[in-house]
Every structure is written in C-alpha cells, then in structure tokens.
Amino acid sequence: MPITHRENYLRNASFQSPEYMPAFLHISNASWDQWRDDMEEVVARHPTIWPEFEKGKRDWDHFDFGPAHTKGVPFKDAWGCVWESSVNGIEGVVTQAPLESWDSWDAWHAPDPLKTGDRGPVDWDAIRGDMARRREAGELCEGGLPHGFHFMRLTYLRGFGNMMMDMATEHPMLWRLIDALYEHNRVIVDQYLDMGVDVMAIGEDLGTQNASIISPEMFRKYCKPSYEKLLAPCRAKGCHVMMHSDGYIMDLIDDLIMAGVTIVNPQDLCNGVDNLRREFKGRICIRLDVDRQTVVPFGTPQEIHDLVEEEVRLLGSSRGGLELIVGVYPPTPPQNVDALAAAFEEFRTYWFDGRGKE
C-alpha cells in the first residue's frame, strides 16, 4: 500500500527516504486570465500534478481576483495599508503606509488576529474543522503566517525608505512596532500549534537579484530575534518550519537554520544551484523555487526539461531533502507549463526508482 502524501512529505523533509519527491506547480490567476482555455487543456493532461482540477469551473469573464490583486481597485487591508495592482491576478504594492509618520502611532493599532486576517475576517473554528478533516484523510496539515509577516510588514507600515532609515538610525519607535508584530504573529502561530499542524509556513522576500535587501548584521538585529521567538514553540512540538524568500538569500540561510527553519524555499538561479548544493544540501530540506525569470517564461520545452533534470540530479538524494515548486506568471506560454509538468512527473521518482546514483 502506498504511503499517504502527508507521510511522504514528512519523510522527505526529515531525510527519511520518501517514495517520491514532492513537486508543486502553481499557476497564477494572471496566467489563467491570459491563457484561459488553453491553460485548462494543459492542466487536464497532468492529473498527477493537479489531482483536484475540474475543467470548466472558472467563469473567465466574471472572475474575482481578490483584494490587492484586482487591477485599478485600491484596497485597504486590516493594518491600514492601501494596496494597488496594475495587473489582474498579481499582488499589488502598498501606495499608502499608515505609519509613514510616527506621529500616527497613537491612532494606529494592529488588527485582532483572533477575528481578522490581513484581508478579511478569519474563522478559526472553520480552520480547525478543516485541519481535522485533512488529518483524517491522511493529508498534510499546514498552518502559517501571511506572506510578509515581519520585515516586509515593517516596510508596508512605514514605507520602504522610512524603514531603511529607522534601521540605520536605530529609531526607538521601531522596537515598539517590532514588538507589536511579534505579539500579533505569536497568536496565529499558537492557534495552529494547538491544532497539531505538521508544517508552519512563513515567508517574506529578503533578497534582491544578487544580495540580501538588508545586511546579515541588520537581519540578526531586527528580524532574527522575532523569528527565533516565533519558531521555538514550533520546533518544541516537532512541527517543521518552511521559510520562503524570493531573491538572493545565501548570506541569510545559516541564520534561518539557527532560528528554527527546517525547510527553506529559495529561488534557484539567483542563488545558484551549485551554491545551494555546496552549502546546504543535506543540512536542510530545500524546497527549490524553479526559475520564473528566464527559462520557464522564455525558454524552450527542452531547456525546461534540462533545468529540472540538472536540479534534481545536483540537489536530490535517495534520503530525500529536495522538493520542487514553481510559480507560473505572464508571459509563460501553455507549452512551457506543459513541459514543466512533464519534467516534474518524469523526475519526481528519479532518486527512488533506481535511476539516481549517490
């Protein structure tokens, strides 16, 4: 009898010889909107990758892209940040920061995490019910914090330039804001831990194309302490911690590991596959974010196949410790998504069916 997806995922994350490599292919709503029926034809051909897909369910002309993802529709979130997007299906940017001036501090307050998520009400009873259903079905139970839970949230609330100056000048109000974010996030983490989740997912973008946004020293001063306090109870309960970041983060991954991260989700080409292999293969489970800048959107199907094969060969192992994920965004054409799915299907068992040699 094959093991459940949950057991396979946890074996892979813990280097305990899974039966296959977890692989996830996420198509953004912007790409769905661009390609519509053509994309549906591709997805329908790959039930291994998209087992729950049902053709024809989307109403293309009346699709709700959601808050902060709808072109030309400003949205104020629960923190008071105003978001605007210029492309349907792509998250926008904060154009009005509620704490642009520290003079607004006394009138501002963080939302109540027991009642309100970033972009709408939260029903914790419904979430508990869903987790119980997933556990009963042998599915992975995953909780987590909204993307941009700490560093990025600071920039949303203060504005990027203001936040950089706050860190550079050690502004005393910065610590009050950091404490407020920690208290908010800790409530969410505790809710999920009480449900017995298998994985706590956290994420924010800490890198540019070739360097971290802030120096490792600044990260250790203003971010790592909150990470450590949030992740310590997760690790105490045996819950894996998956950390996502776009951009170059090679100089930060050691700090993330020390803070409690057990699954790291870096982008492949900007960090360098050889760099990741040399520094982190076998030390931490790598949830590799397959290129979305050059090969996936603009390459040939053969180039996509070759990239996936190279990454599986270099970073994989029969013990596990590698999973693949890719996000599809415009202008990636359907034939490239088809090539991605086919490559994922071909190589997800590479290290477990006798082809891969240690």
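Bear in mind that the values in this text are calculations on the coordinates, not laboratory data. On a predicted model such as this, the values are computed, not experimentally measured, just so you know. All Cβ positions, glycine included, derive from the backbone under ideal geometry; neighbour counts span all protein chains shown.
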Say each of residue 257 and residue 36 gets a label point 7 Å from the Cα, pointing the same way as Cα to Cβ; how far apart are those two points in nm? 4.9
Given H placed 1.01 Å from N in the peptide plane, which residues other than close sequence neighbours of residue 211 have an amide H under 5 Å from its amide H? 248
For the chain, can you list the cysteines whose C-beta has no other cysteine C-beta under 4.7 Å from it? 81, 141, 223, 270, 285
Sorted by chain and number, the residues with a modelled amide H under 5 Å from that of residue 241, at a separation of 5 or more or across chains, are 200, 262, 263
Distance from the stretch 187-244 to the stretch 1-80 (C-alpha centre basis), Å: 23
Taking the beta-carbon count within 10 Å as an exposure proxy, list 158, 283 from fewest neighbours to most. 283, 158
Förster radius 41 Å - calculated FRET efficiency between residue 355 and residue 160, Cβ distance, rounded to 0.05: 0.30
If amide hydrogens are placed 1.01 Å from N in the peptide plane, which non-local residues have theirs closer than 5 Å to the one on residue 144? 201
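Mean Kyte-Doolittle of at least 0.5 and a Cα length of 24 Å or more along the axis: which whole DSSP H helices of the chain meet both? Mind dumping the intermediate values first?
On the way: long enough: 172-194 (34 Å, -0.09).
The qualifying helices: there are none.
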Return the calculated 222 nm mean residue ellipticity for the chain, to the nearest 500 deg cm²/dmol, obtained by summing -39500 (n - 2.57) across DSSP H runs with n ≥ 4 and dividing by the residue count. -12500 deg cm²/dmol
Give me a comma-separated list of calculated 3J(HN,Hα) values for the stretch 144-150, in order, Karplus coefficients 6.51, -1.76, 1.60 applied at θ = phi - 60°, integers in Hz, x for any Gly or Pro. x, 9, x, 4, x, 6, 10
Sorted by Cβ neighbour density within 10 Å, fewest at the top, the residues 173, 164, 152: 173, 164, 152
Among 293, 261, 5 the positive-end extreme of the charge dipole of the stretch 5-347 (Cβ point charges): 261
Antiparallel versus total DSSP beta bridges in the stretch 5-347: what percent is that, nearest 5? 25
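Mind running the shape call on the stretch 1-149? Use the C-alpha gyration tensor, a ≥ b ≥ c as the square roots of the eigenvalues: rounded below 1.5 for a/c, prolate if a/b tops b/c, oblate otherwise.
Note, shape of the stretch 1-149 comes out oblate.
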Which of 112, 33 has the fewest other C-beta atoms within 10 Å, and how do the rest follow up to the most? 112, 33
